[in-house]
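Any read-out appearing in this document is the output of simple, stated calculations on the displayed coordinates, not a laboratory observation. Please read these numbers as outputs of a predicted model, since none were measured by experiment. With ideal geometry, Cβ positions are generated from the backbone for all residues, glycine too; neighbour counts draw on all protein chains shown.
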Amino acid sequence: MCLFLMVGSRSCLNHKHHGSATFLIFFLRKYTKAEGKHNHYSLFYPYIRRLSAPHAFFSTIHFHLFFHLKQIFMRKMFLFIMIAGMLAACNHDTKVADSSETKDVKPAVPLPYKLAYSSSFEMGNPEYSAMILQGSWKDWENNTMDNMKSWVADTILAFHSDNSMIKGVDSLTARWKRGRAGYTSVIDTVHSVVPLYSTDKKENWVLVWATEINTDTKGKIDTMDLMETWRINKDGKADRLYQYDRHTRKK
């Protein structure tokens with residue numbers, strides 16, 4: 001113990017660590033009071049007192065300031081670690097929930113027929129739905145079909161409900177303009193439009209269900225239900241049409 005104190009005091013003298021000398025005095029007081037060794041304290045106190053006297057007061061302030069700042073730092077560090085742990089736990093729970101939802105895939109239902117085209121579909125691009133409704137329905141209703149080349153492919157193949165087949169965008173435009181000229185009024189009500197994407201065939205489709213009320217040039221009014229199935233090519237244009245209606249079978 002004596003050797004430790006002498007070395008520590010010599011170090012304080014060489015490096016001018018007066019705060020360390022003050023700490024030694026504090027330690028000696030506690031140690032000698034606890035152990036009843038007042039002779040050790042009285043032996044080293046004058047030597048250490050001379051080392052700490054010039055800056056004892058300021059060193060004590062520095063010690064308490066350091067201890068106080070250390071406590072504040074540890075408290076904030078503990079709070080930061082606790083918040084980080086809570087955020088990490090929440091993030092982990094979210095990832096677990098997302099993974100469980102992703103894995104919740106319904107098993108395939110066996111069908112009585114082997115499908116010739118595809119049974120693997122998902123929701124498609126809604127922009128294609130807007131394109132078909134504007135071009136095939138709203139433009140037909142308003143008799144404004146001069147811009148069909150903006151959404152119909154040059155290689156369009158259209159199968160109409162009257163069993164006619166039209167090939168090419170120019171032929172289809174001419175056919176629709178002749179048909180629309182036979183009506184003074186057309187009112188369309190679209191019941192549903194569904195964009196679909198075949199994941200195995202890599203093709204986009206748009207399905208439309210609607211009802212149309214026509215008034216011809218003689219004032220005759222007719223109503224028919226229509227179903228259209230459009231295929232969209234890789235350029236984002238319609239290149240296939242399958243059309244069905246109730247009107248042709250009402251005889």
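Ranked by the mean number of other Cβ atoms within 10 Å of their residues, highest first, the peptides 190-198, 106-114, 141-149 come out as 190-198, 141-149, 106-114. Our coupling estimate for the range 126-135, obtained by passing each phi through the Karplus curve with A = 6.51, B = -1.76, C = 1.60 and θ = phi - 60°, is x, 5, 5, 4, 4, 5, 5, 5, 6, x Hz, Gly and Pro reported as x.
Neighbours of Val190 by Cβ distance under 13 Å: Lys/Arg scored +1, Asp/Glu scored -1, total -4.
Across the range 121-249 the C-alpha pair distances fall into 5 Å bins from zero in the proportions 2, 10, 20, 25, 22, 12, 6, 2, 1, 0 percent.
In what order do Tyr117, Tyr128, Tyr244 fall by count of nearby beta-carbon atoms within 10 Å, going from fewest to most? Spell out each step's value before the answer.
Working: Tyr117 9, Tyr128 23, Tyr244 14.
Ranked by crowding around the Cβ, least crowded first: Tyr117, Tyr244, Tyr128.
Distances longer than 13 Å among the Cα atoms of the range 193-251: what percent of all pairs is that? Percent of Cα pairs beyond 13 Å in the range 193-251: 69. The length gained on full extension between Arg246 and Val190, counted as 0.36 nm times the residue separation minus their Cα-Cα distance, comes to 18.6 nm. Amide hydrogen proximity for Phe121: with H placed 1.01 Å from N in the peptide plane, the residues at 5 or more positions away or on another chain lying under 5 Å are Thr199. Using a cut-off of 23 Å between Cα atoms, the listed pairs Lys106/Lys234; Lys106/Lys201; Lys177/Lys218; Lys114/Lys167; Lys149/Lys177; Lys106/Lys237 include Lys106/Lys234; Lys114/Lys167; Lys106/Lys237 as exceeding that distance.
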